[in-house]
Amino acid sequence: EACRIKSPLDHSHMDSSEVTATSRHYVDRLFDPDPQKVLQGVIDMKNAVIGNNKQKANLIVLGAVPRLLYLLQQPTSSLELRTECAVVLGSLAMGTENNIKSLVDCHIIPALLQGLLCQDLKFIEACLRCLRTVFISPVTPVQLLFTDPTVIPHLMSLLSRSQRTQEYITQIFSHCCKTPEHQMILYNHGAIQNIAPLLMSPSYKVQMQALKCFSVLAYENTQVSMTLVNVLVDGELLTQVFVKMMQRDRPIEMQLTAAKCLTYMCRAGAIRTDDTCIIMKTLPCLVRMCSKERLLEERVEGAETLAYLMEPDVELQRIASITDHLVAMLADYFKYPSSVSAIADIKRVRMAIVSPCIKLLLVSSVYLPVFLIQLDHDLKHAHELRQAAFKLYASLGANDEDIRKKITETENMMDRIVSGLSESSIKVRLAAVRCLHSLSRSVQQLRTSFHDHAVWKPLMKLLQNAPDEVLVMASSTLCNLLLEFSPSKEPILESGVVELLCSLTQSDSPALRVNGIWALMNMAFQADQKVKVEIVRALGTEQLFRLLSDPDANVLMKTLGLLRNLLSTRPHIDQIMSSHGKQIMQAVTLILEGEHGIEVKEQTLCILGNIADGHTAKELIMTNDDMLQKIKSYMGHSNVKLQLAATFCVSNLIWNEEDGSQERQDKLREMGFVDILHKLTQASDPNLCDRAKTAMQQYLA
Amino acid sequence: MAELGAGSLQVGDPALNYQERELNERLKRLYPAVNEEETPLPRSWSPKDKYSYIGLSQNNLRVHYKGHGKNHKDAASVRATHPIPAACGIYYFEVKIVSKGRDGYMGIGLSAQGVNMNRLPGWDKHSYGYHGDDGHSFCSSGTGQPYGPTFTTGDVIGCCVNLINNTCFYTKNGHSLGVAFTDLPPNLYPTVGLQTPGEIVDANFGQQPFVFDIEDYMSEWRAKIHGMIARFPIGERLGEWQAVLQSMVSSYLVHHGYCATAMAFARATETKIQEDQSSIKNRQRIQKLVLAGRVGEAIDATQQLYPGLLEHNPNLLFMLKCRQFVEMVNGTDSEVRCFSTRSPKSQDSYPGSPSLSPRHGATNPHLHSTATDSPTCSNGVTSKNKSHSKYPGISSSSSSSPSSPSSIVYSESNSTDSTKSQPHSSASNQETSDGWRRGENIVPPSLLQKHCSGFSADSEMEIEAEHYTNGVADSSSARIMNGTYKHEEILQTDNHSLDESDQPRQLCGGNQAATERMIQFGRELQALSEQLCREYGKNPTHKKMLQDAFSLLAYADPWNCPVGQQLDPMQRESVCSALNSAILELQNLPRQPPLMLALGQAHECVQLMARVRAGSCSFARLESFLH
């Protein structure tokens, strides 16, 4: 016989007016002139609201909160009454998000923070408990903790009062520390020294909340992380304390959070990536968190943290790729239903399996909803799991060709990415395209799996009106797919991508501008005349020259690269220079005269070299004495690369077997180029020396 | 020592001995549940169980290939000396690739006895391997499965066998590579195989620290098993559980005569005690007499209180009489002590506690024998000074003051402060003294604390008045429950015991008349032996007892002679316990307290698990639950 569980649902058979009437009575008693009766009223209210969301909502609607707050703040109220008020408010906060909103609207936060100034520990604890519940809700603006500058130091001082104050305060900190400014406020008020000893607390809850604090404090914060590595707790380095917390017999939550702390400290540059505590402890711990045995949330968090840890380090990527079959383990992350129909299917199947089991075990049917709740919970995590797996794959394959191969060879991997690119969840799409981008750095994969699975199709689709962060990744991937050896280049060109890329170059985001122009540059590399004309037409010379004066050096470089690719074979050079020669020469002059880096100038001189290779185009240089003077001066530049590029240009101008070469040679000799070339044949750099000799030979022939 | 030839083991090499010692310590730490007398651990490669193309060197830890290495027909393997015992729970060894030789066709893994050695591990039935050239795993098959990375010169490959779920995973340079095999059969040997010239590998069966943190992995499984035990459903008898526990505690207290404690416990838990209080007190009195060495008086009291008991138990009587003789030599028995000037009453200095601290003799007899090797007392705690504690209780002739040395040394040796004992215990003793030998601690404190808190340990608890302990201090209050000692007394003791050791001990307390009485008693004992022999036939145990007892007289200083051990007051305990059990049996009460029975059974079960190859026994050890 199943025992009867008293649940909040028991109240539901009461009719609503009855409920309101009772609630009304509770509120009325708060206004009784006899303080003793008020106290009893608050205590009765406390007992009535526990676990009863409806009652809580009613009381809030009936205006209990302002009265409770009034009583709580009233100096004439007894401590006992004030404490009970804080307890009831804490209980109300435990309800729905709407409850929290109402409480925050009633200015509960400043009232409770004010209450913390009281000396009575019980009252302080009740206030903190309520504050904790309010602050950990996603609907509460965390900024409210930082409005009054005296609050944080006061909270720090309360840390020594009791285990409860420690637990609540650290929990508030770890939830409210969301920005670098928050980190610095806490840091400057001695968060590290005050919280570090709590890691040794006999209370597991305190230990965990303290640990969580360190993870949020260290995240992307070099100053905090650098301080943390030198902190001693009970004579032991903090990093060692974290390592101990990752021991395999510790609770999973503790292992995972300690691993996060070390990960963040490592990424913030406070711990080297080749440190034993990272390689031998943190990394394997995070891999374990991805295992099937872990809860879905833990698997998500584990994978995301691991991805973050090894993102910049190929050695960590290599170790992770061989640890505990990680690559195959991640494939399990996709074995959750992705569509609604699949969910329904699974529910049906599970019901069919579960029902006989229930009969068999003689368990009451009460367990059934519990089971379904579990299932829904799994489904909710399906997206999270997939995006985490994609992120981790992206990190794993960021640098090493063998790992990329291993990933693409995982069962159905490319199909999963392809379907991930068109999933409804933006998070999944972004992660999938990130993964694709990482894999697209492989020449081999571009030639094989990328082409076989026609990944360019969903990628192109993704590029039509996606949010910027997705666009950045997608366009960056597209750049790789447009590389000359990529078999996808052809179909992409045919799909009419040029317009799209040109529009990217007009974006406000430098990253998107770079990717757009970069893709165009790749597209123009050894391309047909038709394609080049199309690019120039679609981009428009005006936009092209705007890009040449882009504040972002990367954009400038890629634009020059595009120009260089456009100006490649002779007929193309002559054709483009005949229509846009004047603007191009102007732009080149501007750049050579401007304050730019060596690389930019080198690229520009190379363009000039290409122009010098054209039949008709070279006249644009030969007739421009100013330009020739510039070239001459770059031949004598202190940087070898620039000397090389300038010499290359000259050598093209004076090349024999071309019409008018004699005249050009004569002109340049008059301008003193031969002397310089002669000097350069003595150059210490062998390349420069060779090139100068080749140029000199043109005179000798 | 790196240049040692094949198989040449230099016993005298100190470095080697050091390594040996380190190996023993590590193996003991990693596999505490393994009884190496039954199932020895692998410590090296077997020179007998290998193919001829395999050469061994460096104490049979280094393996090199000496065949032609033309093709797979030239493959050669070697197994370790012993199979992996199931009681390891989790077993681990590492192999360092010293040289990959020509092609690096090396296989590391496991195989059953009798598997062909002219093969690499993994190719045949009951053979499993991970191969360096392709990184594949071979599960009893000629074709491998993609498993891990390749390995080569300089790499350290580890192989871990989980005997709880019968799986195996490998490690490379300390990184776990994930499960390679499942459903492994029992009794596999560590195995390596080589196939081309120049291949050399070194094994580490625990000689050196492992690169992989195996102990961390073990801790996870220990936590898992402990969690399983903690969550094990007790089912519908939940309600009875409490009653069973209470009755176990109660019967334990009664059995050992903790009369007042038992009464208080019964009151607090509202349970009944089977035996009546006076009977418990009688038993307690007799036990105290035996433990004080006043065996004669104990016999008298027994005969008076339990007429017929000894008459029906001639073996017990003989045992008591032998002990009485020993105590006469010792000078403690009242029959010789009455010749001394002091009143016997005042010399009743034996604080009694060891008697009342139960021993685990029934379940773990070999531990008693180890106890005799060390100067520690049976209660698992060494007193501060070895030389004083060897025969702590023999001082009947010495002071009769309340702080008599004998009592002092005992009270100290009875201390439950186990940390104090450890520095003095030798390494091998430490293991046992932590566990079974600490007799008093046999009641899980949690058990006692849970059920005892709530009734007071007031003055009516004689036990506390005599400041001995069954090892449980109530940590929640300043008041000491069930007795530790009063500190000032402990402090006093050291000086006194020092004095005591300076005085030479003398036969029968050095009294002539006493010696004569002793000789006479010896004759009576001899006669009793002969009579028993006539009535019941020869009894080798009796003969031995008698011989041992009489041998004491053959030495000038009986306390420092080969049979001197008998004089150790600790030896009174077994006699005392036998007498106590006999009295209880007479009253139709169990010879052994159910708590001890349950404990013994649990212990046997864990040992049985090892024999039936249930690897989880390694992490279900009683020691981890008896604090």
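The values are calculated or read from the model by the stated rules, or taken from the named source; none is laboratory data. Only a predicted model underlies this, so the values are computations on that prediction, with no experimental measurement involved. Please note: Cβ atoms are built from the backbone with ideal geometry, for glycine as well, and neighbour counts cover all protein chains shown.
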Inside segment A:240-254, the number of residues satisfying the requirement of being under 17 Å from A:Glu301 (Cβ atoms), more than 10 Å from chain B (Cβ to nearest Cβ) and not aliphatic (A, V, I, L, M) is 2
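Could you check, for segment B:102-115, whether at least one of its residues is of a type in the set (A, V, I, L, M, F, W, C) and closer than 26 Å to A:Glu293 by Cα?
To start, the set of residues in segment B:102-115 that are of a type in the set (A, V, I, L, M, F, W, C) comprises B:106, B:108, B:110, B:112, B:115.
Narrowing the set further to residues that are closer than 26 Å to A:Glu293 by Cα leaves none.
Looking for residues that are of a type in the set (A, V, I, L, M, F, W, C) and closer than 26 Å to A:Glu293 by Cα, one finds none in segment B:102-115, hence no.
Hey, any hits in segment B:510-530 for a residue that's more than 31 Å from the chain's Cα centre (by Cα) and not in a helix (DSSP H, G or I)?
Taking segment B:510-530 first, the residues more than 31 Å from the chain's Cα centre (by Cα) are B:510-530.
Restricting the remaining residues to those that are not in a helix (DSSP H, G or I) gives B:511.
Yes: one or more hits.
How about segment A:214-238: which of its residues are assigned to a helix (DSSP H, G or I) and either surrounded by fewer than 24 Cβ atoms within 10 Å (Cβ to Cβ) or within 14 Å of chain B (Cβ to nearest Cβ) (or both)? I'd like the intermediate steps shown before the answer.
Of all residues in segment A:214-238, those assigned to a helix (DSSP H, G or I) come to A:214-218, A:222-229, A:238.
Result: A:Ser215, A:Val216, A:Thr222, A:Gln223, A:Ser225, A:Met226, A:Thr227, A:Val229, A:Leu238.
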Within segment A:481-495, the residues that are closer than 24 Å to A:Glu409 by Cβ and either among the hydroxyl-bearing types (Ser, Thr, Tyr) or surrounded by 23 or more Cβ atoms within 10 Å (Cβ to Cβ) (or both) are A:Leu481, A:Ser486, A:Ser488
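Got a sec? Which of A:Arg267, A:Arg288 is surrounded by 21 or more Cβ atoms within 10 Å (Cβ to Cβ), basic (Lys, Arg) and away from chain B (no Cβ under 14 Å)? Talk me through it step by step, then tell me what you get.
Values: A:Arg288 fails: away from chain B (no Cβ under 14 Å).
One residue alone meets the criteria, A:Arg267.
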Residue hits (segment B:81-112; more than 33 Å from the chain's Cα centre (by Cα), crowded, with 24+ Cβ neighbours inside 10 Å and assigned to a loop (DSSP other than H, G, I, E, B)) are B:Met106
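Out of everything in segment A:81-121 that is among the charged types (D, E, K, R) and either loosely packed, with under 15 Cβ neighbours inside 10 Å or without any contact (Cβ under 8 Å) to a residue 40 or more places away in the chain (or both), what residue ends up being farthest from A:Ile152 (Cα to Cα)? Give the steps one after another, and end with the answer.
Here is the first cut: in segment A:81-121, the residues among the charged types (D, E, K, R) are A:82, A:84, A:97, A:101, A:105, A:120.
Remaining after also requiring either loosely packed, with under 15 Cβ neighbours inside 10 Å or without any contact (Cβ under 8 Å) to a residue 40 or more places away in the chain (or both): A:97, A:101, A:105, A:120.
Values: A:Glu97: 25, A:Lys101: 23, A:Asp105: 22, A:Asp120: 19 Å.
The extreme case among them is A:Glu97.
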Filtering segment B:113-151 down to residues that are away from chain A (no Cβ under 14 Å), among the polar types (S, T, N, Q) and outside any strand (DSSP E or B) yields B:Gln113, B:Asn116, B:Asn118, B:Ser140, B:Ser141, B:Thr143
The condition from (1) part of a loop (DSSP other than H, G, I, E, B); (2) surrounded by 12 or more Cβ atoms within 10 Å (Cβ to Cβ); (3) at pLDDT below 60; (4) more than 14 Å from chain B (Cβ to nearest Cβ) that A:Ser365 misses is numbered (2)
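Applying the selection to segment B:211-246, what residues are more than 12 Å from chain A (Cβ to nearest Cβ) and surrounded by 18 or more Cβ atoms within 10 Å (Cβ to Cβ)?
Initially, segment B:211-246 is screened for residues more than 12 Å from chain A (Cβ to nearest Cβ), giving B:228-246.
Scanning segment B:211-246 gives a single hit, B:Gln246.
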Only one of (1) closer than 16 Å to B:Met545 by Cβ; (2) in a loop (DSSP other than H, G, I, E, B); (3) not β-branched (Val, Ile, Thr) does not apply to B:Arg591, and that is (1)
Picking from A:Ala454, A:Ala432, the residue that is touching a helix residue (DSSP H, G or I) at 6+ places or on another chain (Cβ under 8 Å), under 18 Å from A:Asp415 (Cβ atoms) and part of a helix (DSSP H, G or I) would be A:Ala432
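Listed here are the residues, each with its yes/no results for (1) charged (D, E, K, R); (2) farther than 30 Å from B:Gly89 by Cβ.
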{"position": "B:Tyr555", "(1), (2)": "no, yes"}
{"position": "B:Gln565", "(1), (2)": "no, yes"}
{"position": "B:Met570", "(1), (2)": "no, yes"}
{"position": "B:Ser574", "(1), (2)": "no, yes"}
{"position": "B:Leu586", "(1), (2)": "no, yes"}
{"position": "B:Arg591", "(1), (2)": "yes, yes"}
{"position": "B:Ala598", "(1), (2)": "no, no"}
{"position": "B:Val606", "(1), (2)": "no, no"}
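Identify the residue in segment B:314-329 that is among the charged types (D, E, K, R) and more than 28 Å from the chain's Cα centre (by Cα) and, among all such residues, is surrounded by the fewest Cβ atoms within 10 Å (Cβ to Cβ). Before you say what the answer is, go through the steps one by one.
Taking segment B:314-329 and keeping what is among the charged types (D, E, K, R), we get B:321, B:323, B:327.
This time we only want the ones that are more than 28 Å from the chain's Cα centre (by Cα), so: B:321, B:327.
Working: B:Lys321: 22, B:Glu327: 32.
Here the residue is B:Lys321.
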Picked from segment A:190-204 (must be surrounded by fewer than 17 Cβ atoms within 10 Å (Cβ to Cβ) and over 18 Å from A:Lys260 (Cβ atoms)), the residue farthest from the chain's Cα centre (by Cα) is A:Pro202
Result of the Cβ filter at 6 Å on segment A:149-175, keeping first residues that are under 16 Å from A:Leu112 (Cα atoms) and partners that are hydroxyl-bearing (Ser, Thr, Tyr), at least 6 apart or interchain, is A:Leu158/A:Thr165
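What about A:Ala303, is it in contact (Cβ under 8 Å) with a residue 60 or more places away in the chain and either within 14 Å of chain B (Cβ to nearest Cβ) or crowded, with 21+ Cβ neighbours inside 10 Å (or both)? Full working, then the answer.
Working: in contact (Cβ under 8 Å) with a residue 60 or more places away in the chain: yes; either within 14 Å of chain B (Cβ to nearest Cβ) or crowded, with 21+ Cβ neighbours inside 10 Å (or both): yes.
Against the criterion (in contact (Cβ under 8 Å) with a residue 60 or more places away in the chain and either within 14 Å of chain B (Cβ to nearest Cβ) or crowded, with 21+ Cβ neighbours inside 10 Å (or both)), A:Ala303 qualifies.
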When segment A:306-335 is checked residue by residue, the ones that are buried (at least 20 other Cβ atoms within 10 Å of the Cβ), more than 12 Å from chain B (Cβ to nearest Cβ) and hydrophobic (A, V, I, L, M, F, W, C) are A:Leu306, A:Ala307, A:Leu309, A:Met310, A:Leu330, A:Phe334
So, first residue closer than 20 Å to A:Glu311 by Cα and surrounded by fewer than 22 Cβ atoms within 10 Å (Cβ to Cβ) in segment A:436-456, second residue at pLDDT 80 or above and basic (Lys, Arg), Cβ within less than 8 Å, six or more apart or across chains; the pairs are A:Arg441/A:Arg404
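Report yes if B:Ala203 is surrounded by 15 or more Cβ atoms within 10 Å (Cβ to Cβ), in a strand (DSSP E or B), within 14 Å of chain A (Cβ to nearest Cβ) and among the aliphatic types (A, V, I, L, M), otherwise no. First the steps, then the outcome.
Numbers: surrounded by 15 or more Cβ atoms within 10 Å (Cβ to Cβ): yes; in a strand (DSSP E or B): yes; within 14 Å of chain A (Cβ to nearest Cβ): no; among the aliphatic types (A, V, I, L, M): yes.
It is false that B:Ala203 is surrounded by 15 or more Cβ atoms within 10 Å (Cβ to Cβ), in a strand (DSSP E or B), within 14 Å of chain A (Cβ to nearest Cβ) and among the aliphatic types (A, V, I, L, M).
Select from segment B:161-180 the residues that are within 13 Å of chain A (Cβ to nearest Cβ) and assigned to a strand (DSSP E or B) and list them in ascending order.
In the first step, residues of segment B:161-180 are kept if they are within 13 Å of chain A (Cβ to nearest Cβ); the result is B:165, B:167, B:169-180.
B:Thr167, B:Phe169, B:Tyr170, B:Thr171, B:Lys172, B:His175, B:Ser176, B:Leu177, B:Gly178, B:Val179, B:Ala180 - these are the residues of segment B:161-180 that are within 13 Å of chain A (Cβ to nearest Cβ) and assigned to a strand (DSSP E or B).
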